[in-house]
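The structure appears below as structure tokens.
The values are calculated or read from the model by the stated rules, or taken from the named source; none is laboratory data. Source: prediction; values computed, not measured. As a convention, Cβ positions derive from the backbone with ideal geometry for all residues, glycine included, and neighbour counts pool all protein chains shown.
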Amino acid sequence: MRIYKASDYHDMSRKAANIISAQVIMKADCVLGLATGSTPIGIYKQLIEWYRKGDLDFGEVKTVNLDEYKGLSPNNVQSYHYFMKTNLFEHINIPMDNTYLPNGLEENVEFECQRFNGIIDMLGGIDMQLLGLGHNGHIGFNEPDEAFEKGTHCVALTQSTIEANSRLFAKDEIIPKYAYTMGIRSIMLAKKILLVVSGIDKADILKDALTGPVTPAVPASILQMHNDLTLVADEAALSKININELTK
Ligand code: F6R
């Protein structure tokens with residue numbers, strides 16, 4: 001595991017964006033696994049800036065996102081489709097046909113999970129998967145459970161995730177209770193994983209994930225088993241971890 005310590009959120013965003021840029025430069029037609037949430041917003045802003053300066057070209061890049069709320073249309077402002085469009089895709093030269101997310105409107109769960117697994121296979125797997133970390137240790141929407149779910153599946157979000165997400169919804173909006181998510185197997189099959197974590201509120205769960213037992217009760221703990229994991233985290237998030245011990 002490689003760990004890059006950033007001074008703050010801004011520094012974390014720049015360092016992580018540098019790593020993604022290197023991937024895009026080294027393999028112009030790479031497959032990037034992308035995440036939504038608050039953590040990657042600064043990374044996407046930085047990538048947009050470098051694209052505008054002419055330093056990055058996304059013309060051949062393909063992207064596949066971790067998750068989408070079940071029941072939300074791509075035009076719903078709370079959907080992850082909308083998030084990706086407004087925070088990244090519409091500001092860079094990626095062809096929209098090269099971007100893939102689960103279809104939140106598909107009622108047939110089995111059909112959608114197979115379709116999305118098929119897309120990841122069709123793309124030849126993921127070159128670099130960007131991951132945020134949930135307060136309960138979730139990655140994508142793989143919530144704490146008794147077993148790791150392998151492929152794409154539909155999950156009932158935990159109360160803590162629903163509460164964490166509620167900050168993004170207006171009072172009268174219905175907060176989705178289910179989501180489609182890429183499974184642990186697909187995430188672990190990514191050639192490289194880039195985990196980004198910021199803030200003191202994530203310090204305990206980051207410590208559990210990286211130094212505790214590998215258990216589906218802390219889904220991110222499985223990342224300890226990946227052979228090309230890079231963590232970029234700020235000082236606050238790393239404050240409970242002894243980096244020297246971990247990288248020994
Ligand atoms: C989003 C996702 C989630 C988030 C996690 C952290 O696509 O997969 O696992 O990465 O909930 O969210 P933030 O970054 O908002 O703290």
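Couple of notes before you dig in:
- Residue tally, condition in contact with a Leu (Cβ under 8 Å, 6 or more places away or on another chain) and either assigned to a helix (DSSP H, G or I) or over 22 Å from D201 (Cβ atoms) (or both), over region 231-248: 3
- Filtering region 73-92 to residues that are part of a loop (DSSP other than H, G, I, E, B) and crowded, with 20+ Cβ neighbours inside 10 Å leaves S79, L88.
- Odd one out for N93, checked against (1) more than 15 Å from the ligand (Cβ to nearest atom); (2) of a type in the set (S, T, N, Q); (3) more than 15 Å from V64 (Cα to Cα); (4) within 19 Å of the chain's Cα centre (by Cα): (4)
- Flag if D121 is assigned to a loop (DSSP other than H, G, I, E, B), of a type in the set (D, E, K, R) and out of contact with any Gly (no Cβ under 8 Å at 6 or more places or on another chain): no
Residue-wise test of (1) within 15 Å of the ligand (Cβ to nearest atom); (2) out of contact with any helix residue (DSSP H, G or I) (no Cβ under 8 Å at 6 or more places or on another chain); (3) basic (K, R); (4) touching a residue at least 60 places away in the same chain (Cβ under 8 Å).
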{"site": "K150", "(1), (2), (3), (4)": "no, no, yes, no"}
{"site": "S160", "(1), (2), (3), (4)": "yes, yes, no, no"}
{"site": "L206", "(1), (2), (3), (4)": "yes, no, no, yes"}
{"site": "G212", "(1), (2), (3), (4)": "no, no, no, no"}
{"site": "A217", "(1), (2), (3), (4)": "no, yes, no, yes"}
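- All positions within region 8-46 that are outside any helix (DSSP H, G or I) and in contact with a helix residue (DSSP H, G or I) (Cβ under 6 Å, 6 or more places away or on another chain): C30, T36
- Region 110-148, residues that are near the ligand (Cβ under 10 Å from one of its atoms) and aromatic (F, W, Y): F141
- I187 within 13 Å of the ligand (Cβ to nearest atom), modelled with pLDDT of 95 or more and either touching a His at 6+ places or on another chain (Cβ under 8 Å) or part of a loop (DSSP other than H, G, I, E, B) (or both): no
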